[in-house]
1. Within segment 125-143, which residues are assigned to a strand (DSSP E or B), loosely packed, with under 15 Cβ neighbours inside 10 Å and either modelled with pLDDT under 95 or in contact with a Lys or Arg (Cβ under 6 Å, 6 or more places away or on another chain) (or both)?
2. Give the residue, chosen from ASN86, ASN74, that is open to solvent by less than 40 Å² (accessible area, probe 1.4 Å) and either farther than 30 Å from PHE144 by Cα or basic (Lys, Arg) (or both).
Amino acid sequence: DHLNLAASYSGLKQNQNDGLEHFNNTGDTTLNTHRDTTRINQIMHSITVSPSYTIYGDNEHTISLNFNNVANKNLNKLNKGGSNVNTLTFGVGYDCSLTAKRMSIGGNYDFSNSTATGNSYTSHTLGGNVSYNAVKKEQMSLRFTGSLSLSYNIKPDEDFENGSSVLEDEMPTSADRTTNDFSFNARVGATFNYKNNHNASIFLSTSNYNEN
């Protein structure tokens, strides 16, 4: 058995300095300087943690997790329209290699949530994949693959979150509060390999996005 853990962090600070003109970026309106509401002054943090555990035997089983958080903060006090964005993603996956059957299968679930000033977005995704080697020869392989993913996306109405509705005389209903939609992606293909020097492949994919 094997346990693996990968983790990473990155930070980014962006600041736009003055040019020929000097600008006030402190929020103090008493200063006799121009006030710059568009100056870039922000900081971003990103952290990722990805553990996995593999069980070896007649068949190989792997369970994996993935966590990622990205936070972007606007530091310009004069930029009232600047948004603080926070994105959180979490995923869990399972893969199994069936050696005797020359086949591998896998499945995954992914959750994503992104929030900003007056706006948010949430997505749930289920996916699966299968791979089969149809030719049992040492120097030749013909592998068929297929994958399918289904997503359910939720986006609250911005006007409702801000305390208003399109028609002020009407109370927003649950249908007005959110926009829900489904999307899917499917892919099938085949790959031929001979003596590791000759390769040929063909793939077909389709996707659909519906908004209710």
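1. Taking segment 125-143 and keeping what is assigned to a strand (DSSP E or B), we get 125-133, 137, 140-143.
This time we only want the ones that are loosely packed, with under 15 Cβ neighbours inside 10 Å, so: 126, 128, 137, 140.
Of everything in segment 125-143, those that are assigned to a strand (DSSP E or B), loosely packed, with under 15 Cβ neighbours inside 10 Å and either modelled with pLDDT under 95 or in contact with a Lys or Arg (Cβ under 6 Å, 6 or more places away or on another chain) (or both) turn out to be LYS137, MET140.
2. On the way: ASN86 fails: open to solvent by less than 40 Å² (accessible area, probe 1.4 Å).
Just one listed residue meets the conditions, ASN74.
The values are calculated or read from the model by the stated rules, or taken from the named source; none is laboratory data. Remember, it's a predicted structure, so these values are computed and weren't measured experimentally. We place every Cβ from the backbone using ideal geometry, glycine too, and count neighbours over all the protein chains shown. With ligands, DNA and RNA removed, areas are computed over all heavy atoms of the protein, side chains included. Shrake-Rupley method; radii C 1.70, N 1.55, O 1.52, S 1.80 Å.
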